[in-house]
Ligand SMILES: C[S@@+](CC[C@H](N)C(=O)[O-])C[C@H]1O[C@@H](n2cnc3c(N)ncnc32)[C@H](O)[C@@H]1O
């Protein structure tokens, strides 16, 4: 993953959003709903959204008693769009344009870390370890993983050609390996759900919780 530029830097926000919202993909709606669900379930005060894209689902963060929302993405256009769309309406919004691997937040400071279809593009161990460290006791790491779907491309082909840059860059993450990693980091599985889309694509939504007392 060194040397060549990260392909996410070459995917315009308009292409990404149109691809994700297209009928063939329909994942923008899925991920937005999952963020809403996690916020309603856990009622966090502080949230970190890793790989936030252009703020997909952030409309659900309005009207909650949030003190801090940290939005991280490597793509400057996505982060700028998130900032423009949600500054002033999402409480305590802080935008960080960086590789997650280089981001440091205060340990034990976050109630909910959202990591939806992101660890397929990063070093999972690095990012999950950071997220676990950032959680307060009782805090939750929500992860959406793409599962193998027989006969379907990992990146669904659409008219948005720039998304093809992800082919060969995206790596599916083994759910069992993720559970082992989370367990090693002292997290417990709080919820675990398989999602099968009408498109045939399958996902796993798993929420790991830092115990209240270690
Ligand atoms: C499939 S999208 C995630 C979807 C997003 N959660 C949503 O609901 O639209 C992956 C996101 O992770 C970002 N990303 C990929 N690698 C990254 C990295 N190393 N550091 C920060 N962001 C990264 C991409 O720019 C992109 O916005």
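Data table
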{"quantity": "Gyration tensor (Cα) of the stretch 7-209, equivalent ellipsoid semi-axes in angstrom", "calculated": "24, 21, 16"}
{"quantity": "Enclosed volume per residue, in Å³, of the convex hull spanned by Cα atoms of the stretch 1-50", "calculated": "120 Å³"}
{"quantity": "Highest-MSF residue in the chain out of 123, 111, 153 [GNM, Cα springs under 10 Å]", "calculated": "153"}
{"quantity": "Share, in percent, of DSSP beta bridges within the chain that are antiparallel, nearest 5", "calculated": "45 percent"}
{"quantity": "Inter-part distance where the stretch 124-155 and the stretch 16-81 are each reduced to a Cα centre, Å", "calculated": "15 Å"}
{"quantity": "Mean residue ellipticity (222 nm) of the chain, computed from DSSP H runs ≥ 4 via -39,500 (n - 2.57), nearest 500", "calculated": "-8000 deg cm²/dmol"}
{"quantity": "Residue order, fewest to most beta carbons within 10 Å, for 212, 50", "calculated": "212, 50"}
{"quantity": "Sorted by Cβ neighbour density within 10 Å, fewest at the top, the residues 122, 49", "calculated": "122, 49"}
{"quantity": "Fewest-first sequence of 42, 134 by Cβ atoms within 10 Å of each Cβ", "calculated": "42, 134"}
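Values in this text are rule-based calculations from the coordinates and carry no lab data. These figures come from a predicted structure and were not determined experimentally. Note that each Cβ is placed from the backbone with ideal geometry, even for glycine, and that neighbours are counted across all protein chains shown.
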